[in-house]
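See structure below.
The values are calculated or read from the model by the stated rules, or taken from the named source; none is laboratory data. From a predicted model like this one, the values you see are computed outputs, not experimental measurements. Counting neighbours? That spans all protein chains shown, and the Cβs are built from the backbone with ideal geometry, glycine included.
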Amino acid sequence: KVTASMGVVQCHQLDADRPHAVVEDVMSAADLALYRCKRTGRAGYRFYEHLMRVDLQSEKSMEHELTLALKANKLLLHFQPVFDAKSKRIIGAEALIRWPTDEGFISPAQFIPLAERSGLIADIDLWVLQQILDHCDQLSRKHSDLVLSFNLSAHHFNKHTFTDIIQPLLPRIKRVGPQLALELTERVMFERTEGVIASLHSLRHLGVHISLDDFGTGFSSLSYLTQFPIDKIKIDQSFIKTMHSNTTARAVVQAAAQIGKTLGLVVNAEGVETEEQLAVVSQLGIDEVQGFLFARPMPFDAFLKLLDD
């Protein structure tokens, strides 16, 4: 099936002071509209708007700043502790990437998609993995039983670059494999099923745990559990947050807990913020909890101090 995407520009939208460059301006504006059409679904058309050029300039500026931040090692990892639901003992932490600027922190939801589009994501993921391995070395001295979880972009699984990222670090991964947990969303696993399965098995052979993040938010959670070597499911925090006021959300949490028990998987509840939510999670026999009720994300040094208190 062949489809077409089109960008449309009307001449009155362009700069009347540049009659000598009207063809160039028309093509440039139409190209921007075409780019926006492809970004929002393809197989259609979009009219040019001046805001598109402003957005593109802003994105290019952010891409440049992100490149500089990565080179200057200005990105950070914060860690949100993960607790055993019964004993309330810290059993690990989830690594969350942060980008501090003079104006404040820029959300990963904003700069990670930009990094994927620009190709910077390969360097960012390599940096994250190196940081995680460094921290695992520190933990192994006193807390070798703790597990640090992290995300890798779908980019590597869908663009055949997974081995390129992992191969140079294999000796270190082998050394601390059981202290690592890779978290994946369904978006990662959707495009190259066989390739993803092979990659995950190679990691599990090294002792790395595999978690299915945002469980319940996609369309194929159950089928993925039957195909992929998953050790843990993490119930998306949107269900935890609304389960007291939304019967459907509560049913999803209950079903996830039961699925975990039936399949012998660890079940994690994200975003636990109140005692009422904790009571429900405990009643359902969920294994792990994390959220603001217990601890907010923090620098690694603060996490180590929390462990020693």
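Quick notes on this structure:
- Hey, Phe303 surrounded by 15 or more Cβ atoms within 10 Å (Cβ to Cβ), assigned to a helix (DSSP H, G or I), at pLDDT 95 or above and in the same structural domain as Gly195 (by TED's automatic domain parsing) or not: yes
- Which numbered condition Arg89 misses (of (1) touching a Phe, Trp or Tyr at 6+ places or on another chain (Cβ under 7 Å); (2) touching a residue at least 24 places away in the same chain (Cβ under 8 Å)): (2)
So that you can scan it fast, the table gives a plain yes or no per residue for (1) under 22 Å from the mean Cα position of the chain (by Cα); (2) more than 20 Å from Ser118 (Cβ to Cβ); (3) assigned by TED's automatic domain parsing to the domain that holds Leu129:
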site: Ala33; (1), (2), (3): no, yes, no
site: Arg36; (1), (2), (3): no, no, no
site: Gly41; (1), (2), (3): yes, yes, no
site: Arg53; (1), (2), (3): no, no, no
site: Leu56; (1), (2), (3): no, no, no
site: Leu70; (1), (2), (3): yes, no, yes
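- Selection within the stretch 205-225 - in a helix (DSSP H, G or I) and either outside the structural domain of Leu169 (by TED's automatic domain parsing) or in contact with a helix residue (DSSP H, G or I) (Cβ under 9 Å, 6 or more places away or on another chain) (or both): Ser221, Leu222, Tyr224, Leu225
- Checking each residue in the stretch 253-300 for being crowded, with 18+ Cβ neighbours inside 10 Å, closer than 22 Å to Ile90 by Cβ and aliphatic (A, V, I, L, M) picks out Ala257, Leu265, Val267, Ala269, Val272, Leu278, Val280, Val281, Leu284, Ile286, Val289, Ala295.
- Only residues that are in contact with a Ser or Thr (Cβ under 9 Å, 6 or more places away or on another chain) and not β-branched (Val, Ile, Thr) were counted in the stretch 61-79, giving 5.
- Of all the criteria given as (1) modelled with pLDDT of 95 or more; (2) touching a strand residue (DSSP E or B) at 6+ places or on another chain (Cβ under 8 Å); (3) outside any helix (DSSP H, G or I), the one not satisfied by Leu278 is (3).
- Those residues of the stretch 34-72 which are touching a residue at least 12 places away in the same chain (Cβ under 8 Å) and within 23 Å of Ile132 (Cβ to Cβ), in sequence order: Leu66, Thr67, Ala69, Leu70
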